[in-house]
1. For the range 336-345, in order, what is each residue's ³J(HN,Hα) by Karplus, 6.51 cos²θ - 1.76 cosθ + 1.60 with θ = phi - 60°, in whole Hz (x at glycine and Pro)?
2. Can you give the Rg and Dmax of the range 85-137 based on its C-alpha atoms, in angstrom?
3. Please enumerate, by chain and number, the lysines with C-alpha under 16 Å from the C-alpha of Lys423, excluding those fewer than 8 residues away in the same chain.
Amino acid sequence: MSHLSRRDLLRTSGAGLLALAAGGTLAACGSSGSGGGSGGDADTGTVTVWSWATAAAALRGVVPAFEKDNPGIKVDVQDIGNPAIWDKITVGLAAGGQGLGDVLHIGCDYLPGYLEKFPGGLADLSAYGADAHKDTFAKGLWPVVTGKDGHVYAMPWEVNPLGFFYRKDYFDKAGIDPTTLATWDDLIAVADRFKAANPGISLIGISKAANPAPDLDFLQSLMQLQGAFYFDLQGRITLASEPCVRALTTVKRLEDAGLIADAPGDQGWATAMKAGKLAVAPTPAWAAHYLESKFADQTGNWRLAKPPAVTPGGKRTALVNSTHLAVSAASPRRRAAWKFVEYALTRPDSVNSMFEAGGVFPALTAAYTGPMYAAPHPYFGGQPVLRTFADLAVDGGDPTNYSGDYARALKLAGDAQTKVFLKGGDPAAVLQDAAKQLAQQTGRGIA
């Protein structure tokens, strides 16, 4: 849900997803552009890294080994804070790179805008050999960090595969095994049986009035399960495409079946979860800790499965968001900065040590052979949830282009969803109207 953004979790969580493996407590993609810049290619000196919160702390843990293996390079990891880091990067890029760190931690919803609005602001990492790592990350991430020129401008660090958390106790009461439900239609088909066994319990909580902000995580995940989003990889508007209409139609059918609870306000979803009023959390990897840390009294009730497909035989995996490390094109020591990025993100030992220190779920698939991913966790009834997410990441998903106009699309999509919830709007009609408005606002063509 939008009010539980993974970015907020990074800011507030004190431990890593890895703690799930130990039975303890747990811990946003690019499109175009060219990089050259006015920096230099020095391979020694002090490299400044900008990140935030637990991710910054995790990066610091890699520094001693890196400095030992790379004499002549020192690394200074700075916790810029979130959301302060986005304004600082924007200001620095607008100033031609002045004042920027050498290495920048960037989310999938910001990177496309930086590349579109500040071409040449980020270094072309293909020039340093980044393409050699093309097949080492979760499927679907490489196109996200590749520009229109075919060159790479960031390296994947975090990946968030979509999961399907469910209350086993509630489904057991109804005699339903959620792992046998292949599509959301299958879930809708058993709605009456579920509600009869669990009066007062809904499946999903959404702020139907989009108050205070659009609550679109679930709708977006239904789009992404079909390889769709508000824009295609060429930046054309796809908000009114068949998959997007199908996604909003699925939301409407769940609503019509009485399976969606209204969860208004910043804490609406959390309040409903705490009260035990929701049976499903269709959320990605970062949410595992949120469930455990916020709803400890529900220990043993939750399980994790692959999300249902939107269409029969359709995909049951989606990479809903990710974060990456990029190098400023204005850095006077781009080669040294690249060495640190490569060291931190392409070695299983490095990414797993960062994971263990409280960092983010790694995009590097070679990391998943570590024993931590197979460890059971009592909160989820002994289920090895990290293994499930690792398998989902290996399966991968279609790349998502947030583009530089994501904020505009988000607002219009939120308005469309609210019309469906509160006014009985037709999904196809409201999305077609939203797409036309988005085209007028951005000058983008409709695919």
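1. These are the phi-based 3J(HN,Hα) values: 5, 4, 4, 4, 5, 4, 5, 4, 6, 10 Hz.
2. Values for the range 85-137 (Cα only, Rg and Dmax): 12.1, 35 Å.
3. Here the lysines satisfying the reach criterion relative to Lys423 are Lys208, Lys252.
Every read-out reported here was derived from the displayed coordinates using simple, explicitly stated rules and does not represent laboratory data. Note that this is a predicted model, so its numbers are computed, not measured.
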